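Quick notes on the structure that follows.
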Amino acid sequence: MRNINSAYIEYPGRELTMGVISAFANIAIDAADEKAAMIFQIPKTGTLTHVGIRFATVTNSQSVDVRIETVSASDGNPTGTLYDANGTGVIATPAQAASYEVALNSGNGIAVTRGDIVAIVIQFTSTIGNLLVSVSGGGTGGAFPYYVSYTTAWGAKAGAQVLTFLKYGNEYVNSAQFVGAHSSTYTEISTTGTYDMEGMLFSPPAPIVVEGMLLNSYSTRGNYDIHILDKSGNALSSASVNVLLGAGANPTGRILLNESVLLIPGIEYRAVAEGKSSTSFRLYYAEFMNATIREYCNGTIKQTLRTRTSGAWTDSSTRIPSMSIFGRIFDDGRKNSRWRFR
């Protein structure tokens, strides 16, 4: 009997979905010389034409410069020197809770090299305003990448996936170092009439035995069920969740299904949460500027927000639910496949 190779997987993975949280890490700039910076590695050699920026609260909107700077090898802070002489862009009138695709060099872009460490630095052009720059959407932390603020000097560094995206001409380039600049919010799943459901429609890249689901919910609200459904809505496996057992206000829940279930590549399934108490259940999701940026953030994974209200499913092409499945992924047997383990 042939040994079947497998590996543990979280799909699409916390780097892509668990960065969708109830709040962002923001840096206030409201005085002369203050700056916010996000430090990361260039993921691809080419012509970088746009970067993504998001603002939270904007009290006094003034023109903002966006600069691509080099980073000091001795202290890890932006140097104040442009990576390329044309590596600048402008946001003339920043708006509250808004994301921007900022053109560099008037859209002509700058030459960048894979692996180079750079900083996106955000500062006022001349007149000082008052706003919050969103610099991280959560996700996997660690020492690198990171963000840092400047008041009278550069402050302490905070390691996290930084909140940006990169565009090379018409191509958005992905990196696990980023959480795409998005608005993070939640939806209420009500329990009136037919129980409402929300989750993702997806097709696994290889055979996966699903053991459970990870999702970012609001623990002090109502209980809920989780389900793996076929595309027709038939439950393949389920489990009930008692939110009183959770820790923290906005936990990343890791819930086992009552029974593990085998999912086959090329077939579409739904992973969903369903409200099951008199108090509605809250599931977080990311709202992106457009469907193209949403696709950039989770690559070729077909994972978009799906909502069932009174039995009818609707799809959003610009939203990603804060959830993943976890279990064992098996060798698909195809030569040169990324899912071949031998």
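Some notes on this structure:
- Restricting region 216-249 to residues that are at pLDDT 70 or above and among the β-branched types (Val, Ile, Thr) leaves a set whose member that is surrounded by the most Cβ atoms within 10 Å (Cβ to Cβ) is ILE226.
- Boolean, LYS157 is in contact (Cβ under 8 Å) with a residue 12 or more places away in the chain and in contact with a His (Cβ under 8 Å, 6 or more places away or on another chain): no
- Condition met for SER106 (closer than 16 Å to PHE24 by Cβ and of a type in the set (Gly, Ala, Ser)): no
- Which listed residue is exposed (fewer than 15 other Cβ atoms within 10 Å of the Cβ) and more than 26 Å from the chain's Cα centre (by Cα), from ALA85, ALA95: ALA85
- Check on GLY80, modelled with pLDDT of 95 or more, buried (at least 19 other Cβ atoms within 10 Å of the Cβ) and over 24 Å from the mean Cα position of the chain (by Cα): no
- The criterion of at least 3 residues that are touching a helix residue (DSSP H, G or I) at 6+ places or on another chain (Cβ under 9 Å) and closer than 20 Å to GLN41 by Cα is met by the following strands (runs of 3 or more DSSP E) wholly inside region 61-173: 171-173.
- Residue match in region 281-299 (condition: modelled with pLDDT of 80 or more, out of contact with any Pro (no Cβ under 7 Å at 6 or more places or on another chain), surrounded by 14 or more Cβ atoms within 10 Å (Cβ to Cβ) and not acidic (Asp, Glu)): no
- Exactly one residue among THR47, THR59, THR70 is in the same structural domain as GLY115 (by TED's automatic domain parsing), closer than 20 Å to GLY169 by Cα and not aromatic (Phe, Trp, Tyr), and that residue is THR47.
- Listed conditions (1) among the hydroxyl-bearing types (Ser, Thr, Tyr); (2) at pLDDT 65 or above; (3) buried (at least 16 other Cβ atoms within 10 Å of the Cβ) are all met by THR307, apart from (2).
- Every residue from region 55-74 that is closer than 18 Å to ILE128 by Cα and either under 24 Å from the mean Cα position of the chain (by Cα) or of a type outside the set (Gly, Ala, Ser) (or both): PHE55, ALA56, THR57, VAL58, THR59, ASN60, GLN62, VAL64, ASP65, VAL66, ARG67
The values are calculated or read from the model by the stated rules, or taken from the named source; none is laboratory data. Just so it is clear, the structure is predicted and the values come from calculations on it, not from any experiment. All Cβ positions, glycine included, derive from the backbone under ideal geometry; neighbour counts span all protein chains shown.
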